[in-house]
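Below is one structure; the comments refer to it alone.
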Amino acid sequence: MKIKHILFILIALALFSSCRKDFDEIDTNPEGFTTATDGSLFNGIIQSLMLSGNEQFYINNEILYAQTQQAALTQAAWGNYTIGTEDMWAGYYKSLPSIRELERRFATYPASAAVTNMKAMLMIARAYKTFKMTDIFGDIPYSEAGYGFQDLTKLYPAYDNQRDIYLSLLSDLEWAATNISDTAASVEPYTTFAKFDKLFNGDLSMWRKFANSLRLRHAMRMVEKEPQLAGEIIGDIITNGLPILLGYDFITPVLESACIWPATNGITNSSVSWSFREHNGLRMGSNMWHQFSDGDDPAGAGIFDPRAYIFFEGDQNEEWIPFPQLPESGTPSSQGIPYGSHRDDFGNYHIKNNVNYSPFNFFLIGDEGNMPVILMTGAEVHFILAEAYFRGIGVAVDQDQADIEYMNGINASVEWWVSLSERLRLPVSGVKFGDKITIPAHLNAASVLNRFGSWNATTDEEHLAFIYTQRWIDAFRQPWEAYAEARRTGMTPREGAPIGHFRMPYPPSEEQYNALNMNAAKQNQGWG
């Protein structure tokens, strides 16, 4: 019996081995990279820059808008922020293996300008994603992360110090901006790769501008901790006139930005409307209202900023009623359904079911094709430059140049948002922004400058606060950026006590899968 059993096993193994070739395709790991092209991997990385519904619902709408006071959270009813942090964490660490795979591939290709450009584009996208994660969470796994498919010893990556991450990414951005060749002939493998670029459609000059603009943003963000290094980076860009995203070129509007435009890329961004519709807790707050209006006339007589009409809208009676940023006991609760899909209809647009406080403009959250995912605007770059000249960071103090950059920032922001509003339309009915909303003709960048022009500032502190205020306003649909600036400066518009919220906790899954490294990171950051 024993001999027969052994013979049976040997015959079975022989048959199994002879048939293996028939199962090669079936047994291919669907999570592997055996068939994905360079371009398709890059396309997935760019699309991962879009926000998930859970991030918008549980992080932006429930936490960041309230912390930045860009809006008022009328009721904190959810508390399930871990759903949002899990989504952010998973989104980043699911895309990182694709980034690492492309890095591995590029290292094996023969050196050429085409490969260098592909490598630079990947570096810039990786830097944007990683900066956002470390700004939200602090120390994160980075240098060892994303290699699990290539090296099983790196399945549990150590956390990197935030300072080290910043310095590494800033170095990468400098390399990318320096080595991009937008005059190189468009040849393979770049020609095919560029077709998958859903951010700049293969425009290398825009990738270079984005890289330098990100260097400015994050050098300024670390200026209080690393003033010398931050000054060197900012000074390098300004002094050498390196290309950056521009809102205005002297008196000419350029209105450049880094955005993902859903309709242009053949996609629908339904997560925004879902997050607002299901959350339904955000309204215009008294803090933002007082940056837009000189009075509380519900008819809007005091409004001096056209962005008020783009960011928000009237209540059920078309009156401007802000929700108190710090509501007192007895403040009526918010009502109505301002974000319901029933409003995507020409006849039903104004039906808000007894909304009693001004909601977000329905076009901003209802247009799933023409409302972009904003990564950075040219206006923001001008405000960063204004701060650099005003404070003498990387350059000599130059009040006049600071005022020029500040004015360019306001001009660029107002005109960019007004231009965007002209593109907005609802996805089902096709109703256009202009069909339902009329921005008074007298409201423009000049009317904003009449109130917030630098000449109206009576002290240096107020002058600087003006710069921060306008940068905060421009980041209205980037609350994570406003959150970073509120923490850094402590001078963005605010009612009540200073901000006391400084980072999001790590998601619970890290306690389960990478507890040792997570606890070491918490201890290193003084979490206990």
Residues to consider are A185, A176; find the one that is among the aliphatic types (A, V, I, L, M), in a helix (DSSP H, G or I) and either touching a helix residue (DSSP H, G or I) at 6+ places or on another chain (Cβ under 9 Å) or surrounded by 22 or more Cβ atoms within 10 Å (Cβ to Cβ) (or both). A176
One residue is enough: does the stretch 502-521 have a residue meeting the conditions farther than 28 Å from E144 by Cβ and hydroxyl-bearing (S, T, Y)? no
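One line per residue, one yes/no per condition, for (1) in contact with a Ser or Thr (Cβ under 6 Å, 6 or more places away or on another chain); (2) under 30 Å from G91 (Cα atoms); (3) assigned to a loop (DSSP other than H, G, I, E, B); (4) of a type in the set (A, V, I, L, M):
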| position | (1), (2), (3), (4) |
| --- | --- |
| S429 | no, no, yes, no |
| N450 | no, no, no, no |
| T458 | no, no, yes, no |
| P493 | yes, no, yes, no |
| A497 | no, no, yes, yes |
| F502 | no, yes, yes, no |
| E510 | no, yes, no, no |
| N517 | no, yes, no, no |
| Q523 | no, yes, no, no |
Among the residues in the stretch 125-138, are any among the aliphatic types (A, V, I, L, M) and touching a strand residue (DSSP E or B) at 6+ places or on another chain (Cβ under 9 Å)? yes
Of residues in the stretch 214-229 being over 22 Å from the mean Cα position of the chain (by Cα) and in a helix (DSSP H, G or I), the one surrounded by the fewest Cβ atoms within 10 Å (Cβ to Cβ): Q228
Kindly establish whether G314 is surrounded by 20 or more Cβ atoms within 10 Å (Cβ to Cβ), within 31 Å of the chain's Cα centre (by Cα) and either at pLDDT below 95 or of a type outside the set (S, T, Y) (or both). yes
Going by the structure shown, is A521 hydrophobic (A, V, I, L, M, F, W, C), within 21 Å of the chain's Cα centre (by Cα) and surrounded by 15 or more Cβ atoms within 10 Å (Cβ to Cβ)? no
Any helices (runs of 4 or more DSSP H) falling wholly within the stretch 1-89 and containing at least 2 residues that are at pLDDT 95 or above and farther than 27 Å from S286 by Cα: 38-47
Only residues that are without any contact (Cβ under 8 Å) to a residue 24 or more places away in the chain and either assigned to a loop (DSSP other than H, G, I, E, B) or within 25 Å of M133 (Cα to Cα) (or both): list them for the stretch 375-408, please. G392, A396, V397, D398
Return the pairs, sorted by first residue and then second, in which the second residue is aliphatic (A, V, I, L, M) and surrounded by fewer than 16 Cβ atoms within 10 Å (Cβ to Cβ), the first residue lies in the stretch 429-451 and is under 30 Å from G347 (Cβ atoms), the beta carbons are less than 7 Å apart, and the residues are 6+ apart or on different chains. none
Just name the residue that is nearest to the chain's Cα centre (by Cα) out of those in the stretch 188-213 that are surrounded by fewer than 20 Cβ atoms within 10 Å (Cβ to Cβ) and acidic (D, E). D203
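A quick yes/no check of all residues on (1) hydroxyl-bearing (S, T, Y); (2) surrounded by fewer than 19 Cβ atoms within 10 Å (Cβ to Cβ); (3) in contact with a Gly (Cβ under 9 Å, 6 or more places away or on another chain); (4) under 21 Å from N280 (Cα atoms):
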position	(1), (2), (3), (4)
P306	no, no, no, no
I310	no, no, no, yes
P327	no, yes, no, yes
G336	no, yes, no, yes
V355	no, no, yes, yes
I365	no, no, no, yes
A388	no, no, yes, no
A396	no, yes, no, no
If K132 satisfies all but one of (1) crowded, with 22+ Cβ neighbours inside 10 Å; (2) of a type outside the set (A, V, I, L, M); (3) under 23 Å from I374 (Cβ atoms), what's the number of the condition it fails? (1)
So, N265, is that one over 30 Å from Q67 (Cα atoms), free of Cβ contacts under 8 Å to residues at least 24 places away in the same chain and of a type outside the set (F, W, Y) or not? no
Could you please let me know if D474 is of a type in the set (D, E) and surrounded by 21 or more Cβ atoms within 10 Å (Cβ to Cβ)? yes
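Yes/no per residue for (1) touching a strand residue (DSSP E or B) at 6+ places or on another chain (Cβ under 7 Å); (2) charged (D, E, K, R); (3) assigned to a helix (DSSP H, G or I):
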position: A258; (1), (2), (3): yes, no, no
position: T264; (1), (2), (3): no, no, yes
position: S275; (1), (2), (3): no, no, yes
position: W289; (1), (2), (3): no, no, yes
position: G295; (1), (2), (3): no, no, no
position: P298; (1), (2), (3): no, no, no
Within 27 Å of A176 (Cβ to Cβ), in contact (Cβ under 8 Å) with a residue 12 or more places away in the chain and not in a loop (DSSP other than H, G, I, E, B) - does that describe any residue in the stretch 243-255? yes
Only listed residue being buried (at least 16 other Cβ atoms within 10 Å of the Cβ), among the polar types (S, T, N, Q), in contact with a Phe, Trp or Tyr (Cβ under 9 Å, 6 or more places away or on another chain) and without any contact (Cβ under 8 Å) to a residue 40 or more places away in the chain, chosen from T469, T489: T489
Out of the stretch 423-433, which residues are within 22 Å of the chain's Cα centre (by Cα) and either of a type in the set (G, A, S) or surrounded by fewer than 21 Cβ atoms within 10 Å (Cβ to Cβ) (or both)? R423
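The values are calculated or read from the model by the stated rules, or taken from the named source; none is laboratory data. The shown structure was predicted, so the numbers you read here are calculated from the model rather than taken from an experiment. Every residue, glycine among them, receives a Cβ derived from its backbone with ideal geometry; neighbour counts consider all protein chains shown.
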